[in-house]
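The next block holds one structure in the form of structure tokens; read it before the comments.
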Amino acid sequence: MTNDDDALKDLAKRLPPVDLDHESAQRIAQLARRDVGHGPPKTRLLPILVGLLVTITLVWALIHVYESLR
């Protein structure tokens, strides 16, 4: 065991016990199971496309600056 393991065990001992009713625990478990194994969300596509557009524009601008300095 490492020092981190010991520190985590000490921290876990000082945490209060979970006091969820059975219905809430089941609802949380179902939500977690529904999301597990489905890969990244599709909404990540937009930031990737924006990043790609910015990169292409930056490369295009740098090429034109280089050509104007030659």
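The values are calculated or read from the model by the stated rules, or taken from the named source; none is laboratory data. Worth saying up front: this structure is predicted, and the values here are computed from it rather than measured. FYI the Cβ positions are ideal-geometry reconstructions off the backbone, even for glycines, and counts take in every protein chain you see. These area figures cover heavy atoms from the full protein model, side chains too; ligands, DNA and RNA do not enter into them. Shrake-Rupley method; radii C 1.70, N 1.55, O 1.52, S 1.80 Å.
Skip the ligands, DNA and RNA, and give the accessible area per residue of the chain with a 1.4 Å probe, whole Å².
Numbers: 7010 Å² over 70 residues.
That works out to 100 Å² for each residue.
Kindly express, to the nearest 10 degrees and within the range 0 to 90, the angle between helix 22-35's C-alpha long axis and the longest C-alpha principal axis of the chain.
Once rounded, the angle reads 30 degrees.
To the nearest 20 debye, what is the magnitude of the charge dipole of the chain about its Cα centre, counting +1 on the Cβ of each Lys and Arg and -1 on the Cβ of each Asp and Glu?
360
Strictly greater than 14 Å: what percent of every Cα pair in the chain meets that?
80
If R0 is 35 Å, what FRET efficiency do you get for ILE28 and ASP5 from their C-beta distance, rounded to 0.05?
0.85
Out of the total accessible area of the chain (probe 1.4 Å, heavy atoms of protein only), what percent is carbon and sulfur?
Using a 1.4 Å probe with all protein chains present, the chain comes out at 66 percent carbon and sulfur.
By average Cβ neighbour count within 10 Å, what is the ranking of 24-32, 37-45 from highest down?
The most tightly packed comes first, giving 24-32, 37-45.
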